[in-house]
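The values are calculated or read from the model by the stated rules, or taken from the named source; none is laboratory data. Keep in mind that what you see is a predicted model, and the values were worked out from it rather than measured. So basically every Cβ, Gly included, is an ideal-geometry build from the backbone, and we count neighbours across all protein chains shown. The protein model used for the area step is the full one, side chains on, heavy atoms only, and it has no ligands, DNA or RNA in it. Shrake-Rupley method; radii C 1.70, N 1.55, O 1.52, S 1.80 Å.
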Amino acid sequence: MRLLALLLITTATLAGEGGLDPHPWDEATRSDGRHFSVTTNTFPELATSLVTHLDAAYAHFERRFGPLPPHRSRRMEVWLFRAKEEYLTRADGVRGALGHFDAALDRSALIWDGGTGETGWPIAVHEACHHYFRRRFPGVLAPTWY
């Protein structure tokens, strides 16, 4: 699965010169995991890969912070954008950041880096940690270094 995701990312990056183009946001696809749901206008395989990584991280969050109460355990929403402009306008993104968690909307938003490795899934896991922490301890802000 990981090899497939890397192959698709590489192919998508190389295709930026006229091959595969990501879809507009109104054609975004969604991938649901056990604990996370990713909507993206990049490629469906990226959403699936990200859901897999975030669902694996969930177990670490649960061990570190304790389980979520049942009424707060619905899937956490993540938006993955193909371009910074979309992230800034559609998700009220943070300038200079590659992602953020919006507590008011109970949603994380990220920019896909086109396969360069700059964003990667570590930023997604970082934002998911904020998301989990907020659900586990409403009204308490997680340290920014999580």
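Scanning the range 50-61 for residues that are surrounded by fewer than 21 Cβ atoms within 10 Å (Cβ to Cβ) and either free of Cβ contacts under 8 Å to residues at least 40 places away in the same chain or within 21 Å of Pro24 (Cα to Cα) (or both) turns up Asp55, Ala56, Ala59, His60.
Residue check: Pro67 meets all listed conditions (1) open to solvent by 40 Å² or more (accessible area, probe 1.4 Å); (2) more than 14 Å from His35 (Cα to Cα) but one, namely (2).
Each residue in the range 124-142 was checked for being farther than 22 Å from Ile111 by Cα and open to solvent by 50 Å² or more (accessible area, probe 1.4 Å), and 6 pass.
Let's see how each residue does on (1) at pLDDT below 95; (2) farther than 21 Å from Trp121 by Cβ; (3) more than 16 Å from the chain's Cα centre (by Cα); (4) not in a strand (DSSP E or B):
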| position | (1), (2), (3), (4) |
| --- | --- |
| Asp21 | yes, yes, yes, yes |
| Ser31 | no, no, no, no |
| Ser37 | no, no, no, no |
| Ala57 | no, no, no, yes |
| Glu85 | yes, yes, yes, yes |
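So, Ala47, is that one at pLDDT 95 or above, assigned to a helix (DSSP H, G or I) and open to solvent by less than 60 Å² (accessible area, probe 1.4 Å) or not? Taking the combined requirement at face value, the residue does not satisfy it. Restricting Arg107, Arg72 to residues that are under 24 Å from Pro143 (Cβ atoms), basic (Lys, Arg), touching a residue at least 24 places away in the same chain (Cβ under 8 Å) and surrounded by fewer than 18 Cβ atoms within 10 Å (Cβ to Cβ) narrows the list to Arg72.
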